[in-house]
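Undergrad: Take this structure, written in structure tokens, and hold onto it; I'll ask about it next.
FYI, it's all coordinate maths here, none of it is from the lab. If you're wondering where the values come from, they're calculated on a predicted model, not measured in any experiment. Note: ideal-geometry Cβ built from the backbone for every residue, glycine included; neighbour counts use all protein chains shown.
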Amino acid sequence: GITRHYKFDIKLQNVTRLCHTKSIVSVNGQFPGPRIVAREGDQLLIKVVNHVSNNLSIHWHGIRQLRTGWADGPAYVTQCPIQTGQSYVYNFTITGQRGTLFWHAHISWLRATVYGPLIILPKRGIPYPFPKPHMEVPIIFGEWFNADPEAIISQALQAGGGPNVSDAYTINGLPGPLYNCSAKDTFRLKVKPGKTYLLRLINAALNDELFFSIANHSLTVVEADALYVKPFETQTLLIAPGQTTNVLLKTKPHYPNASFFMTARPYATGLGTFDNSTVASILEYEQPFKKLHPRISINKLPLYKPVLPALNDTSFATKFTNKLRSLNTPQFPAQVPQKVDRKFFFTIGLGTSPCEGNQTCQGPNGTMFAASVNNVSFAMPTTALLQAHFSGQSHSVYTTDFPSDPVILFNYTGTPPNNTMVSNGTKLMVLPFNTSVELVMQDTSILGAESHPLHLHGFNFFVVGQGFGNFDPNKDPKNFNLVDPVERNTIGVPSGGWVAIRFLADNPGVWFMHCHLEVHTSWGLKMAWIVLDGKLPNQKLLPPPADLPKC
Ligand code: C2O
């Protein structure tokens, strides 16, 4: 591999969307931010310079960061944020990974505007396990807020209520023609007939799982979260915040005399506070057009629209998720842990906590909204967990008593239990090096009615099972797929259901795990694992870099 240098200047930039101009925090003045392209085996040195008044940090979502946890990025977990006028060089090597990932700010709600694609090509000379595409196109979904997202979440947290939802979804930063004032802000993918395109789909939206479809074209899914899957064809796909999916798009053999909408819209299992609008972009066949139809303008062509599943189409969502399987070939074997050292059962969901001070809180019955893992709502420390762990100065920063089972016994009945209270704490779970972990995450469906896309930093995991209702420890494990389960870094815990994952804790450090719906993270749906150093020298976390920011 080679060393690639990037510089991210974090600065304010005026951007206009929906006829509304505002100043956003951007990288190098770009929105969405710059694309990082590297190869497996390369070392990346990304210098981030903070020219804005916000503290910030950047996370390389899905990069394993083997022994380089210092470069992972979540603020107050692996580093103190980069303060105004300061800089930090993220230094890591891409080991054993290739595919589509993304990077985003990892503090408060700054990732609303600070995000971009991170594309890892295979090593030189190593082909994809599918036909070589004519062209590769990143398609990154986001959310646009007319107001300042930082202000939205901080007001909501103070009032103990829910934040305002976004004003539009975006594709490559553009809302598209179905929103007011946005026809000119439409992403257009120009294609030639009879070719294969690799679309690198990334869901960087803050709070919504999305359906995506292209009118009159089917898509072949080949990769999820930068891991190859058994190819399958679909009209529509589902992608949760934090997930990435590569699909092959075969264009029509001949110029079709039409253009096609590519649209995305949310999937939610119940009515909640989200924006049910549709972002559209356009697939446009270009080349032979001018010669064949010199007098027709491309804008006069018929424009076909795809039919997306209904908002709450859980049956589609379940079928789609079940189709995802590891490629599992001799070249790309699925190395599913067959034996398990530690089993954990975590309840995942929303809850409430007592109203603080004498204000009127906007949660149910005058409480504050909260969210938790095993009834613990994670309290962010004011210094970084990884530094505290590495220096042995942990006692004042966190405790290691994260409960391996729910504090309040859980039994899913479909109706909320009486006790929805959670407690606050900075509790971590410690794992010896190379522990083989099985983790069942059970959604409690208390208050909320959404899948929770759980993201684990530092690892990929295998999704060995999932189901609805209560997880049954005697029956369900018998049906686990230990042969070719999909491997990924973010998985939706279905509303009113559970998922079981397995991973090998072979990466020493402190690793955040949280719901990638930003509002749930803000409410406390997060925790962290400590993976201890192994005995061998190459099984230990590297020492912190000299320029690691201080709190
Ligand atoms: Cu993409 Cu911890 O996040």
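Undergrad: Among 547, 208, which comes first, second and so on when ranked by fewest other beta-carbon atoms within 10 Å?
TA: In order of increasing Cβ crowding within 10 Å: 547, 208.
Undergrad: What residue among 432, 421, 411 has its Cα farthest toward the positive end of the dipole of the stretch 328-460, where the charges are +1 on Lys, Arg and -1 on Asp, Glu, each on the Cβ?
TA: Farthest along the dipole direction, towards plus: 432.
Undergrad: Let me ask something else about it. About the Cα centre, and with charges only on the beta carbon of Lys, Arg (+1) and Asp, Glu (-1), how big is the dipole of the chain? Nearest 20 debye, please.
TA: Computed charge dipole of the chain: roughly 2100 debye.
Undergrad: To continue, here is another question. Hey, for a label at residue 551 modelled as a point 7 Å past Cα toward Cβ, could you say which residues of the stretch 492-531 have their backbone N under 20 Å away?
TA: Taking a point 7 Å out along Cα→Cβ of residue 551, the residues of the stretch 492-531 whose backbone N falls under 20 Å are 509-514, 521-531.
Undergrad: At most 16 other Cβ atoms within 10 Å plus a DSSP loop assignment makes a site exposed; report the longest stretch of the chain without any exposed trypsin sites (Lys or Arg not before Pro).
TA: My reading of the result: 340-474 is the longest stretch.
Undergrad: Hey, if you put +1 on the Cβ of every Lys and Arg and -1 on every Asp and Glu Cβ in the chain, which of 380, 532, 352 ends up farthest toward the positive end of that dipole?
TA: 532
Undergrad: Next question, about the same structure. Along each of the three principal axes of the Cα atoms of the stretch 342-539, give the extent in whole Å, ordering the values from largest to smallest.
TA: For the stretch 342-539, the Cα extents along the three principal axes come out at 55, 44, 25 Å.
Undergrad: Cα-based Rg (one decimal) and Dmax (whole number) for the chain, in Å?
TA: That works out to 22.8, 75 Å for Rg and Dmax.
Undergrad: Along the charge dipole of the stretch 94-238, pointing to its positive end and built from +1/-1 on Cβ of Lys, Arg, Asp and Glu, which listed residue (198, 174, 211) has its Cα farthest out?
TA: Comparing the listed Cα positions along the dipole, 198 ranks first.
Undergrad: What FRET efficiency do you get for residue 307 and residue 136 if R0 is 30 Å and r is their Cβ-Cβ distance, rounded to the nearest 0.05?
TA: 0.65
Undergrad: I've got another one for you. Modelling each spin label as a point 7 Å along the Cα-to-Cβ direction, I'd like the residue 192/residue 483 distance in nm, to one decimal.
TA: So the two model labels end up 4.2 nm from each other.
Undergrad: What shape does the stretch 135-271 have by the C-alpha gyration tensor, where a ≥ b ≥ c are the square roots of the eigenvalues, rounded means a/c under 1.5, and otherwise prolate means a/b greater than b/c and oblate the rest?
TA: prolate
Undergrad: Another question, then. Please say if the stretch 32-174 is rounded, prolate or oblate, where rounded means a/c under 1.5 for a ≥ b ≥ c the square roots of the C-alpha gyration tensor eigenvalues, and otherwise the choice is prolate for a/b larger than b/c and oblate otherwise?
TA: Oblate, since a/c reaches 1.5 and b/c is not below a/b.
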